Amino acid sequence: MNRSLQTLFVFALFTLGVLAADTPVTFESPADRERYDTLLEELRCLVCQNQSLSDSHAELAQDLRDQVYAMIMDGKDNAAIADFMVARYGDFVLYKPPVKSSTWLLWFGPLLMLVLALAVVAIFARGRIQDPQPLSDEERRRVQSLIKSDLGQRK
Amino acid sequence: MIPEIGHFMLALALAVACLQAVIPLVGATRGYSNWVAFASPAARVQFLLVLAAFLTLVHAFLTNDFSVAYVAHNSNSALPAAYRLSAVWGAHEGSLLLWILILCGWTFAVTVFDKGLPPKFAAIVVSVLGIVSVGFLSFLLFTSNPFDRLIPALADGGDLNPLLQDPGLIIHPPMLYLGYVGSSVAFAFAIAALIQGRITAQAARWIRPWAIATWIFLTLGIALGSWWAYYELGWGGWWFWDPVENASFMPWLLGTALIHSLAVTEKRGSFKNWTVLLALATFALSLLGTFLVRSGVLTSVHAFATDPGRGVFVLALLGGVIGGSLILYAWRGPSTFAGGNYEPVSREVFLLLNSALLAVATATVLLGTLYPLAHEALGLGKISVGPPYFNVVFSAVMLPLMAFLGIGQFSRWKSDSLIRLRKNLVYPLSATIAAAFVAVIMLGGQKTIAAGVGLGFGFWVVITTLLGIRERCQGRQHPWFTLFNLPRAFVGQCIAHLGFACTVIGVVVASFYSVDEHQRLAPGESTELAGYEFHFVNLRTYSGPNYRATQGNFELRRDGKFIATLKPEKRLYHVRNMPMTEAGISPGFTRDLYVSLGEPLDDGAWSVRLYFKPFVRWIWLGAILMACGGFIAMFDPRLRSPAVARTEAVADTSSAER
Amino acid sequence: MRYVIPLGAFIVLVAFLAIGLGLDPRYVPSPLIDKPLPNFELPELGTRHSRITTADLAGKPRLLNVWASWCVACRVEHPLLLDLAKSGKAAIVGLNYKDAHDDALAWLKQHGDPYERTVFDEHGSLGLDLGVYGVPETFVIDRHGVIRYKQVGPITDGALASVIMPMLEQLAGDK
């Protein structure tokens, strides 16, 4: 897509998005409310530059918020709601990436790195005591002269 | 005419930078002392030229010269003067010029404060900084010229993005850039040390003040950004793990590791190669950040609107500078002299652990930030990695770090024993657990485990720091006397660690115990949140210099007693036709109350968001403490004692000759 | 030996970043490729009682074009759609997304109507089920009602020539 068309496309996304209705919603139980808040933070706004459904002003975000609300009122659980979104928008819509073979490195990598780092430190800590190499005569003489000159300065 | 002068100054600066990059370097390696002496004047001339160019751009903004394309796109005649100044760095070209100005500024500073450095070493440092400058000036002049003319000129400009029309924009980017760019100084020192093959304890002593100074600016810059987002965006959030935020956080993490590793190298001569690698990597992350923000590779609210062509240039710059430095490292690293010895249980090992864990934390953030890109590049589809991932994984890495911080700051150099540590730390550990327990109960008893753990680690750092001070004061002198005469490096360290704990505690409490409500409220109505009463008095509209505002008037009460008036606003900026919210905040040491206006609803009522944010200010207070700690530590006279320098110089020459 | 590790890691990093420069970070691929159209039943634009259902979109390969009267970019691709419809090279069904009925009709009157029929999706429910996140978007649907391709943004000449037309021809040949 060339640049100007891309800009027009983006513009089209935003012209309607600017003044989305922002009606507060009510829940029967605080648990539902918490689920709603958490889900909105974990779902991504598709048209924005990296914002969650919770933060976004875009109209599509409002539509999706309404959808999440409707599904919670309907008694659907979090997994069902996430699946609904993924079926339509792909994994991109989840801020918490699913754990599947292509994301193992992402989820387990930090733990692996942690273990690796601790192991490396343990190796370095263990093998660090070395017997100092004995000085040669020439070096011994140099040490003496350094000590003498240093003592002279200190006074 | 004046913008053309600015453009010409930049071209001259590029020429000077080329000379600065080559002549002193050749002079230092070949021994031509007058070539070596070229470094300082070249750096100073370059700084003056870039400063002149920058001032012409500022002039163009202040005089509303809309024939300059950059001014036309980012300013407006109705824009208040202060924002016309900050609009200079409001978009890609201008902020890049600011970057270069700050780079030249740091180089200038190096030439001013180089008393204790051998001239050849200093010359190489300046040359390396010159190479970086050549790269960035080329990038600016060939792809991102801020002085391009717009013909025909616009009658009036496109205005600065309303999100940026705020005092925060005036200081946050310059502060952040001071930190970002400052990492180039430690980088240059590391390169100079590698080139000369003299990675020594003394070199570490030279680098340390620069590394700490950089770190201070980065700490403040990031904290400012977080605070700004909090009060400006209207959602009460203060960190989003956005790629650009991560791009500034990673150099900070590694910069912290660098400071601590330098301490070991400086005192004991150990970990030299690791310290050098940290210095290289910190700057590499800084360049990576520049790439991420300006190439369009990742989506971010912070990213500048730019194109992949520029991205290619920056990637080439990144590849060349860092690739070259890592080749140098691979070549010279093996021949570095081994440093001091230490036992398996010693302060050195704890500091090594600290470095390693901070490096893991940095790698974790890098992994999460770039994983979507790699995933897509490998054809595996598009995924998103956001706060739910980072919050979990990053916190998990931070916990062992804090644990070892507590033990480590208590441990002895070279040789310590687990028995001694255990004996001294058993009571603090119990005290920590008790304190965490009590705190969680006082805060309301919910979310006990997660909050308790987080608070516990924060308290652990505080208690062990205080204990370390007490142990230090036990000696022959009277404890109070010792307390007031502690070495600055130690005082700085304690304050910085306490600041870190303060931030952690703020993060934990604000994250777990915030309460918010989203309600419809009409003027005249009241509502309640967390024991506070919010009374929506009335609404008024007014016109600002370049916007039209609807302002709500809220009265905040507790138990009937009046506390404050909050005035959240909803603004519409004329030129870009863009709405903005300004939150109404009642700040406090232990809590913030926050009101933000949403949209007007059908019947005269408004959709209103209310937030109760306990301890949120501790997050930024902790950052200020960390910066103070760094500042105090920087001026420790032991870092620049001439007698020590002289002795070391002699010892170093003799050891280098071996 | 271990001193080469940082360099190696860095080269891998740069390679990924270089590939990344060629990708579009805002493009969201559709998970609905090779899946059947979602079930829907919505009013037809321009009529009072007629409804369109999923079944109406099967039978032959079609383009389903998402548009709206408030969408500026739609005007850019519209001449192309008119051409396609007039020359008979493609059958196009419109999906009027989150629009006002009269505005939509007026827009078609002004700019021309290339659509066999147009679905009137006032609240965007079908759009949501299709994973629409911007306007315009175009889907290629085969004779069995299965989605085969999604064009995000206006149809460019390049996309038409290299992807959409060949696909339509191939689908026309399929049984």
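Read-outs: derived from the displayed coordinates by stated rules, not from any lab. Everything numeric in this text was worked out from a predicted model, so none of it was measured. Counting neighbours? That spans all protein chains shown, and the Cβs are built from the backbone with ideal geometry, glycine included.
May I ask which residue of B:G319, B:I216, B:L351 lies farthest towards the positive end of the charge dipole of the protein assembly as shown, with charges of +1 (Lys, Arg) and -1 (Asp, Glu) on Cβ and the Cα centre as origin?
My answer, from the dipole projection, is B:L351.
Of the residues C:L23, C:L32, C:L63, which exhibits the maximal mean-square fluctuation in a Gaussian network model of chain C defined by a 10 Å Cα contact cut-off?
Top of the fluctuation ranking is C:L23.
Go through region B:381-431 and name the chymotrypsin sites (Phe, Trp or Tyr not before Pro) that are in a DSSP coil and have 15 or fewer other Cβ atoms within 10 Å of their Cβ.
Loop-located and lightly packed - B:W413.
In what sequence do C:D34, B:D114 fall when counting other Cβ within 10 Å, fewest first? Write down the numbers at each step before the final one.
Details: C:D34 10, B:D114 18.
Lowest count first: C:D34, B:D114.
Using amide H atoms built 1.01 Å from N in the peptide plane, name the residues 5+ places from B:V68, or on other chains, whose amide H lies under 5 Å from its own.
B:L150
Would you mind classifying region C:29-173 by shape? Square roots of the alpha carbon gyration tensor eigenvalues, ordered a ≥ b ≥ c; an a/c under 1.5 is rounded, otherwise it is prolate if a/b is larger than b/c and oblate if not. Please list the in-between numbers first.
Details: a/c = 1.43, a/b = 1.17, b/c = 1.22.
Cα axes put region C:29-173 in the rounded bin.
According to the square roots a ≥ b ≥ c of the eigenvalues of the Cα gyration tensor, what is the shape class of region B:515-615, taking rounded for a/c under 1.5, prolate for a/b larger than b/c otherwise, and oblate for the remainder?
Because a/c hits 1.5 or more and a/b exceeds b/c, region B:515-615 counts as prolate.
Where in chain C are the DSSP H helices whose alpha-carbon span along the long axis reaches 24 Å or more and whose Kyte-Doolittle mean is at least 0.0?
What comes out of the filter, once short or polar helices are dropped, is C:5-21, C:72-87.
Let me spell out the model: positive unit charges on the Cβ of Lys and Arg, negative unit charges on the Cβ of Asp and Glu, origin at the Cα centre of region B:502-574. What dipole size does that give, in debye rounded to 20? Please list the in-between numbers first.
Working: 9 positive and 8 negative charges, 78 e Å.
In debye, rounded to 20, region B:502-574 gives about 380.
Run through region B:277-342 and list the chymotrypsin sites (Phe, Trp or Tyr not before Pro) located in a DSSP loop whose Cβ has at most 15 other Cβ atoms within 10 Å.
Those satisfying the criteria are B:F337.
So what are the ³J(HN,Hα) numbers for region B:404-412, from phi and the Karplus equation (6.51, -1.76, 1.60; θ = phi - 60°), rounded to whole Hz, Gly and Pro as x?
Going residue by residue, I get 6, 4, x, 5, x, 6, 9, 7, 9 Hz, with x marking Gly and Pro.
If each residue's Cβ is checked for other Cβ atoms within 10 Å, how do A:I123, B:I191 rank with the fewest at the top?
Ranked by crowding around the Cβ, least crowded first: A:I123, B:I191.
Counting other C-beta atoms within 10 Å, and keeping those with at most 14, which DSSP coil chymotrypsin sites (Phe, Trp or Tyr not before Pro) do you find in region C:92-163?
Answer by residue number: there is no such site.
In what sequence do B:S33, B:S607 fall when counting other Cβ within 10 Å, fewest first? Working shown, then result.
Numbers: B:S33 11, B:S607 18.
The order, fewest Cβ neighbours first, is B:S33, B:S607.
Taking θ as phi - 60°, what are the ³J(HN,Hα) couplings along region B:591-602 by the Karplus curve (6.51, -1.76, 1.60), each to the nearest whole Hz, with x for Gly and Pro?
3J(HN,Hα) across region B:591-602, in whole Hz: 6, 10, 10, 9, 10, 9, 7, x, 10, x, 9, 4.
By a straight-distance test (C-alpha under 23 Å), which lysines pair with B:K561 as possible cross-link partners, with residues fewer than eight away in the same chain excluded?
Straight-line reach from B:K561, under 23 Å: B:K613.
If you take the square roots of the eigenvalues of the alpha-carbon gyration tensor of the protein assembly as shown and sort them as a ≥ b ≥ c, do you get rounded (a/c under 1.5), prolate (a/b over b/c) or oblate?
Cα axes put the protein assembly as shown in the prolate bin.
Using the Karplus curve 6.51 cos²θ - 1.76 cosθ + 1.60 with θ = phi - 60°, work out ³J(HN,Hα) for each residue of region B:220-229 in order, rounded to whole Hz, and write x for Gly and Pro.
5, x, 5, 4, 4, x, 5, 5, 4, 4
Can you list the lysines whose alpha carbon sits under 19 Å from that of C:K89, skipping same-chain ones fewer than 8 residues off?
List returned: C:K60, C:K150, C:K175.
Could you size up the charge dipole of the protein assembly as shown around its Cα centre, putting +1 on the beta carbon of Lys and Arg and -1 on that of Asp and Glu, and report it in debye to the nearest 20? Please list the in-between numbers first.
Working: 79 positive and 75 negative charges, 992 e Å.
With Lys and Arg at +1 and Asp and Glu at -1, about 4760 debye.
Straight-line reach from A:K96: which lysines have a Cα under 22 Å away, not including same-chain ones fewer than 8 places off?
Filter leaves A:K76, B:K382, B:K447.
Quick one: length gained pulling B:I2 to B:R412 fully straight, 0.36 nm per residue minus the C-alpha distance? Show your work: numbers first, answer last.
Values: separation 410, 0.36 × 410 = 147.60 nm, distance 6.11 nm.
Taking B:I2 through B:R412 to full extension adds about 141.5 nm, to one decimal.
Averaged across C:26-37, how many Cβ atoms of other chains sit within 10 Å of each residue's Cβ atom? Let's see the in-between values first.
Values: counts 10, 5, 9, 7, 3, 10, 4, 0, 0, 1, 0, 0.
Mean shielding by partner chains, rounded to a whole number: 4.
Helix-only mean residue ellipticity at 222 nm, chain B, DSSP H runs n ≥ 4 weighted -39,500 (n - 2.57), per residue, nearest 500. What is it? Working shown, then result.
Values: 20 runs with 422 residues, N = 658.
Counting only the DSSP helices, I get -22000 deg cm²/dmol.
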